[in-house]
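Chemist: My questions all concern the structure below.
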Amino acid sequence: MAHPSQLGFQDAASPVMEELLHFHDHALMIVFLISTLVLYIIVAMVSTKLTNMYILDSQEIEIIWTVLPAIILILIALPSLRILYLMDEINNPHLSVKAIGHQWYWSYEYTDYQEIAFDSYMIPTQDLAPGQFRLLEVDHRMVVPTEAPVRVLVTAEDVLHSWAVPALGVKMDAVPGRLNQTAFIASRPGVFYGQCSEICGANHSFMPIVVEAVPLMYFQDWSTLMLEDA
Amino acid sequence: MLSKHELATKSNICTFISEHSDNDMSEEQPDTDKKTFRLLGILDVENVPCARESLLFGAGGALAAGLLHFLVTSRVRRSYDVGFAGFFVTTLGSWFYCRINNAKLRVQERVIQHGLRNKVVYQGTSLDPTQKPPTEPGAETRCPGLLTQPCWSFPGPFRPDMCLFNYESEEQKDFTDDMDSGLCV
């Protein structure tokens, strides 16, 4: 999860998020170089003693400051489009989970084989155990196996919500009457936090998402436990 | 569908795991949060791969280009301009070079991870690629190119479709031999 005063991304927990991190580094370096160029030009313009009131045009610099930005944009666009299409690939998911947004909680349904369904409410601050995170913990987490493509079908029961987990690089709007699909692969075991990302009323900030990625063996045990209690 | 109340007494999977593990999950980890230095407030040179090296090379390139230009022309302001241009070009060039190599390493990492997982699963089974299956005389058993023998990344007996690449140069052969050496035994 994010730590206080964090500016950068959280550590990636999925291959797509790793790619996004690398693309972000790439774009940021280009942004940094352009910023230094602009700063240098500003300092040079301010400190020069040269003055010329009769410059009308200059073909050379016009060509440079047209071609160079075009090249820079291509250098940014190519990896960006690659990741865009990569994010749309959903190859043979091992598990499908339905995430349904309500005011103000999420519910999850695992209906591939038998039905597992439960609600996921935020744990109120006064009920938190020592070490738990305020406004992020939930009573029942969405458990998924690691190293398995998971498809998430996102919808809403009432108003717009958005299902987002930054560490996994996923965000999908939950629209009433519509089924949106996204997918991720949890590369490592862990607990990954997210929050509702579409304004949905008074408790919009108090309906977090927690995804718990565990090895397949533990996922099987968990699903058996859930089915036994159903 | 289970109600919230019905599920209230059920343990989370984390509790389930912690009960079966030796680690005490209630201990707080030491706070390792420390502010990292960001150039111009945006570029985290400590944690971004290749950033530090690129900027150091860029600084060196700026110094070299600017100094050389000044020694040749004795023009101060123009030398500053040339120095900055050297910084820009050197940083960008070393950045792309380092990132491309970094990307190749990441691909290698994924192949090796995939191979290690397959090794755990397939070692000792009929799909073990290190076991030599009976072959007819004259049958192809090795790739002429990249894969010198079936690898853990491709479990099972030799298949001609494993031979994805052929060496195009000695450098490529050295590069791929390094990649195969830890995995294909």
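Chemist: State which residue pairs qualify: first residue surrounded by 11 or more Cβ atoms within 10 Å (Cβ to Cβ) and inside region A:36-52, second residue basic (K, R) in any location, beta carbons under 8 Å apart, and separation of 6 or more residues or different chains.
Modeler: Between residues of region A:36-52 that are surrounded by 11 or more Cβ atoms within 10 Å (Cβ to Cβ) and residues that are basic (K, R), the close pairs are A:A44/B:R77.
Chemist: Taking into account only those residues within region A:1-26 that are more than 7 Å from chain B (Cβ to nearest Cβ), among the small types (G, A, S) and surrounded by 14 or more Cβ atoms within 10 Å (Cβ to Cβ), which is nearest to B:P49 (Cα to Cα)?
Modeler: Across region A:1-26, the extreme among qualifying residues is A:A12.
Chemist: Does region A:31-49 include one or more residues that are more than 11 Å from chain B (Cβ to nearest Cβ) and within 15 Å of the chain's Cα centre (by Cα)?
Modeler: no
Quick grid of which residues meet (1) within 25 Å of A:V16 (Cβ to Cβ); (2) exposed (fewer than 13 other Cβ atoms within 10 Å of the Cβ):
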residue: B:D81; (1), (2): no, no
residue: B:V89; (1), (2): no, no
residue: B:G93; (1), (2): no, no
residue: B:I100; (1), (2): yes, yes
residue: B:V107; (1), (2): yes, yes
residue: B:H114; (1), (2): yes, no
residue: B:K119; (1), (2): no, no
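Chemist: Look through A:E157, A:E198, A:E147, A:E137 and report the one residue that is within 11 Å of chain B (Cβ to nearest Cβ), charged (D, E, K, R), on the phi < 0 side of the Ramachandran plot and in contact (Cβ under 8 Å) with a residue 24 or more places away in the chain.
Modeler: Being within 11 Å of chain B (Cβ to nearest Cβ), charged (D, E, K, R), on the phi < 0 side of the Ramachandran plot and in contact (Cβ under 8 Å) with a residue 24 or more places away in the chain holds for just one of A:E157, A:E198, A:E147, A:E137, which is A:E137.
Yes/no per residue for (1) assigned to a strand (DSSP E or B); (2) under 30 Å from B:V89 (Cβ atoms):
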{"site": "A:I83", "(1), (2)": "no, yes"}
{"site": "A:I90", "(1), (2)": "no, no"}
{"site": "A:A99", "(1), (2)": "yes, no"}
{"site": "A:A129", "(1), (2)": "no, no"}
{"site": "A:Q132", "(1), (2)": "no, no"}
{"site": "A:T155", "(1), (2)": "yes, no"}
{"site": "A:A164", "(1), (2)": "yes, no"}
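Chemist: Do any residues in region A:102-113 that are within 18 Å of A:A202 (Cα to Cα) and modelled with pLDDT under 95 have Cβ atoms under 8 Å from those of residues that are part of a loop (DSSP other than H, G, I, E, B) and of a type in the set (K, R), where the two are at least six apart or on different chains, and which pairs are they?
Modeler: Listed by first residue and then by second, the contacts come to nothing, as the list is empty.
The values are calculated or read from the model by the stated rules, or taken from the named source; none is laboratory data. Bear in mind the structure is a predicted one, so any value in this text is a computation, not a measurement. As a convention, Cβ positions derive from the backbone with ideal geometry for all residues, glycine included, and neighbour counts pool all protein chains shown.
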